[in-house]
Amino acid sequence: EPEVTQTPSHQVTQMGQEVILRCVPISNHLYFYWYRQILGQKVEFLVSFYNNEISEKSEIFDDQFSVERPDGSNFTLKIRSTKLEDSAMYFCASRTQGAKTQYFGPGTRLLVL
Amino acid sequence: AQSVTQPDIHITVSEGASLELRCNYSYGATPYLFWYVQSPGQGLQLLLKYFSGDTLVQGIKGFEAEFKRSQSSFNLRKPSVHWSDAAEYFCAVGARQAGTALIFGKGTTLSVSS
């Protein structure tokens, strides 16, 4: 069964450094999402992406964040200058055209020191 | 404001006992409803979903959930819990416009005792 994959599974970085989190959505999916889950808190929406454009973003998704689909398979989340409070599990999700269900990847645990 | 409430942070159930995890939502209209499960170190796996029709929906691993519009609830149930069901369970809602962001509850951690 096709799955959303994410790399790396864990990343440790220093405050102020740039990080890029990578996702490979399910191959025929066209809509892509990033969510995050700070330890002990709820999963929160960050951004959705379709047709090479951001469709929707939350107030969390400020100028420090950007998303890109650099090729036909990858979908990335970049944090330009990480802060301690960016430490979280980041989930990528995808869905097909017209579908209601989003399928999630295993997540990347980011720790900012 | 749109929100999802899972009132139980942590539940412990004996193996073989029945389980009910509560979920209430506050939304402008009837949303799409989902339950996801997250095992330790794993991602979010879809257990079941409700879009329309029969208000009792069946999911994977023997789980079911019942949508009650009058109570704005979507409680998850399982008649007999297995030790492997120990995980964190998230209720989520989404707008009927396909593709909008999901709103998640804070999750309920299920422990299973032998």
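The values are calculated or read from the model by the stated rules, or taken from the named source; none is laboratory data. Owing to the predicted nature of the structure, the values given are computational and were not obtained by experimental measurement. With ideal geometry, Cβ positions are generated from the backbone for all residues, glycine too; neighbour counts draw on all protein chains shown. Just the protein is used for accessible areas: all its heavy atoms, side chains included, with ligands, DNA and RNA removed. Shrake-Rupley method; radii C 1.70, N 1.55, O 1.52, S 1.80 Å.
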Seminar exercise, completed: So A:THR101 and A:ASP62, fully extended at 0.36 nm per residue minus their Cα-Cα distance, gain in nm 11.4 nm
Problem set entry | Partner aspartates and glutamates for B:LYS78 [C-alpha distance under 19 Å; skip if fewer than 8 residues away on the same chain] | B:ASP8, B:GLU15, B:GLU20, B:ASP54, B:GLU64, B:GLU66, B:GLU88
Exercise. Any idea which of B:SER111, B:GLY62, B:VAL13 is furthest toward the positive side of the dipole for chain B, if Lys and Arg beta-carbons carry +1 and Asp and Glu beta-carbons -1?
Worked result: B:GLY62
Exercise. Taking chain A as the region of interest, what is the percent of Cα-Cα pairs per 5 angstrom bin, listed from the shortest bin to the one with the maximum distance?
Worked result: 2, 13, 24, 27, 20, 10, 4, 1, 0
For this session: Principal axes first, then extents: for the Cα atoms of the protein assembly as shown, list largest minus smallest coordinate on each axis, whole Å, largest first.
Result: 48, 38, 36
For this session: Calculate the translational D of the stretch B:1-47 in whole µm² s⁻¹ from Stokes-Einstein, where the hydrodynamic radius comes from the Kirkwood formula applied to all Cα pairs, the temperature is 37 °C and the viscosity 0.692 mPa s.
Result: 251 µm²/s
For this session: Sticking with the crude label model, points 7 Å out along Cα→Cβ, report the distance from A:LEU30 to B:ARG22 in nm, one decimal please.
Result: 4.2 nm
Exercise. With every protein chain left in place, what is the accessible area of A:ASP63 in Å² (1.4 Å probe, nearest 10)?
Worked result: 130 Å²
For this session: Kindly state, as a whole number, the per residue volume in cubic angstrom of the convex hull around the alpha carbon atoms of the stretch B:13-71.
Result: 119 Å³
Exercise. Carbon and sulfur together cover what percent of the accessible area of chain B at a 1.4 Å probe radius?
Worked result: 48 percent
Seminar exercise, completed: Note on chain A: contact order normalised by length, alpha-carbon pairs under 8 Å, 6 or more apart, percent, works out to 38 percent
Exercise. For the residue pair B:SER14 and A:ASN51, what label-to-label distance in nm results when each label sits 7 Å from Cα along the Cα-to-beta-carbon direction?
Worked result: 5.8 nm
Problem set entry | Given charges at beta-carbon only (K, R positive; D, E negative), |dipole| of chain A in Debye | 180 debye
For this session: Using only protein heavy atoms and a 1.4 Å probe, report how much of A:GLU68 is accessible, in Å² to the nearest 10.
Result: 100 Å²
Exercise. Roughly how many Å² is the accessible area per residue of the stretch A:30-97, as a whole number, for a 1.4 Å probe?
Worked result: 47 Å²
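Report the Stokes-Einstein translational diffusion coefficient (µm² s⁻¹, integer) for the stretch A:10-62, Rh taken as the Kirkwood radius over Cα pairs, at 10 °C with viscosity 1.306 mPa s.
121 µm²/s
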For this session: Let me know the whole percent of all Cα-Cα pairs from chain B that are separated by more than 25 Å.
Result: 16 percent
For this session: Would you mind working out the accessible area per residue for chain B, using a 1.4 Å probe, and quoting it in Å²?
Result: 46 Å²
For this session: Give the interface area between chains A and B as buried accessible surface, both sides summed, probe 1.4 Å, in Å² to the nearest 100.
Result: 1600 Å²
Problem set entry | Normalised contact order of chain B, rounded percent, pairs of Cα under 8 Å and 6 or more residues apart | 37 percent
Exercise. Among A:ILE54, A:ILE79, B:ILE9, A:ILE20, what's the order by accessible area (1.4 angstrom probe), most exposed first?
Worked result: B:ILE9, A:ILE54, A:ILE20, A:ILE79
Seminar exercise, completed: Share of accessible surface on carbon and sulfur in the stretch A:10-113, whole %, 1.4 Å probe and ligands ignored, is 47 percent
